[in-house]
Amino acid sequence: MNVQIEESWKRHLKPEFEKPYFERLTQSVRSEYSSGVCYPPGRLIFNAFNLCPFDKVKVVILGQDPYHEPEQAHGLSFSVQDGVPFPPSLQNIFKEIEADLGTPVPSTGNLQRWAEQGVLLLNATLTVRAHQANSHATLGWQNFTDAAISALATHRQHLVYMLWGGFARSKAYMINRQQNLVLESVHPSPLSANRGGWFGQHQFSRCNAYLQQNNIEPIIW
C-alpha cells in the first residue's frame, strides 16, 4: 500500500501497511471522511510524522485523539491551528512552561515549532468525527501508533517520553526506562490538573536537562 508518510517513518512502519488491520483501517477512514465531516483534514492525518522524521525525534508527547471542533486539529497532539483559541489543556501546558522556564505564553497554540525541533506530537488515534470525541478510537489506529512507539523504543534511545494522564501512561510498558527518560503526570486538562499533579512538576526543564546530559540540543518550548 502506498501510504503518503515521511520516508524514514515509512521505512520503519512498512510492515504495518501490509497487515489486514491497516487495510480495514484505511477503508474505514475513507468511508468516514466521504460520509461526514472528520478532522484533521485528510492531508494532515500524518502531520506528526511528516514534521518530525524518525531519526530527528527527541521527545514524544502522546495524546488520545484529535480535537473534534472546526479549525482546531491539524495532526499534532494538543496543538491547534493559528488563530484558534487555546483549549483548556493547552492553556495549562503553557502555564506550566511559563512557571517552569519563564517562557511567556505564546500568541498561537500552533505547536509546529515544537515538531520541527524533534517533538513527536502523536495522538494514539489520528482521526475523529466532528463533535464526537473518541469516535474513531475503535477503527484500528492504536495498532498503528503503538507500532510507531515500539519502533522508537527498539531503534532509538535517550528520548524523553511525556506521558500525561492514564491513557498515555498505559503505553509506558513499551519504553525502556534505562535508556530513556519517562515523565509521567496527570493530564493537563482542568479536570485533572486542578486536583494536583500537573503544575509544579518541572517536566519541561527536566526534559531539557536530560537532553543536554546526552549531548542533544534542548527544545525551545
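The values are calculated or read from the model by the stated rules, or taken from the named source; none is laboratory data. These numbers were taken from a predicted model, which means no experiment stands behind them. Note that each Cβ is placed from the backbone with ideal geometry, even for glycine, and that neighbours are counted across all protein chains shown. The area values use the complete protein model at the heavy-atom level, side chains included, leaving out ligands, DNA and RNA. Shrake-Rupley method; radii C 1.70, N 1.55, O 1.52, S 1.80 Å.
Which of the residues belonging to segment 154-191 are open to solvent by 40 Å² or more (accessible area, probe 1.4 Å), of a type in the set (Gly, Ala, Ser) and under 17 Å from Asn92 (Cβ atoms)?
Hit for segment 154-191 is Gly166, nothing else.
Among the listed residues Val60, Val128, identify the single one that is farther than 22 Å from Ser28 by Cβ and of a type in the set (Val, Ile, Thr).
After ruling out the rest, the residue left standing is Val60.
Does segment 192-204 hold any residues that are crowded, with 18+ Cβ neighbours inside 10 Å and either farther than 17 Å from Val59 by Cβ or among the β-branched types (Val, Ile, Thr) (or both), and which are they?
Residues satisfying the conditions are Ser192, Ala193, Trp198.
Inspect segment 20-43 for any residue being of a type in the set (Asp, Glu), more than 22 Å from Leu152 (Cα to Cα) and either touching a helix residue (DSSP H, G or I) at 6+ places or on another chain (Cβ under 8 Å) or loosely packed, with under 15 Cβ neighbours inside 10 Å (or both) and give the result as yes or no.
yes
Among (1) surrounded by fewer than 20 Cβ atoms within 10 Å (Cβ to Cβ); (2) free of Cβ contacts under 8 Å to residues at least 40 places away in the same chain; (3) touching a Leu at 6+ places or on another chain (Cβ under 7 Å), which single condition is Gly83 missing?
All conditions are met except number (3).
If you go through segment 16-29 one residue at a time, do you hit one that is part of a loop (DSSP other than H, G, I, E, B), more than 28 Å from Ser185 (Cα to Cα) and among the charged types (D, E, K, R)?
yes
Limited to segment 127-150, what total is found for residues that are aliphatic (A, V, I, L, M) and more than 18 Å from Ser170 (Cβ to Cβ)?
Number satisfying all stated conditions: 3.
Checking the conditions here, which among Leu139, Leu126, Leu121 is assigned to a strand (DSSP E or B) and touching a residue at least 60 places away in the same chain (Cβ under 8 Å)? Full working, then the answer.
Numbers: Leu139 fails: assigned to a strand (DSSP E or B); Leu126 fails: assigned to a strand (DSSP E or B).
Answer to the selection: Leu121.
How many of the residues making up segment 43-64 are in a loop (DSSP other than H, G, I, E, B) and touching a Leu at 6+ places or on another chain (Cβ under 8 Å)?
Qualifying residue count for the region: 5.
Pick out the one residue from Ser89, Ser77 that is touching a residue at least 40 places away in the same chain (Cβ under 8 Å), under 22 Å from Leu183 (Cβ atoms) and part of a loop (DSSP other than H, G, I, E, B).
Ser77
Just give me the residues in segment 107-130 being more than 12 Å from the chain's Cα centre (by Cα) and either surrounded by fewer than 21 Cβ atoms within 10 Å (Cβ to Cβ) or among the charged types (D, E, K, R) (or both), in sequence order.
Of the residues in segment 107-130, the ones more than 12 Å from the chain's Cα centre (by Cα) are 107-110, 113, 116-117, 127-130.
Within segment 107-130, Ser107, Thr108, Asn110, Arg113, Glu116, Gln117, Arg129, Ala130 meet the criteria.
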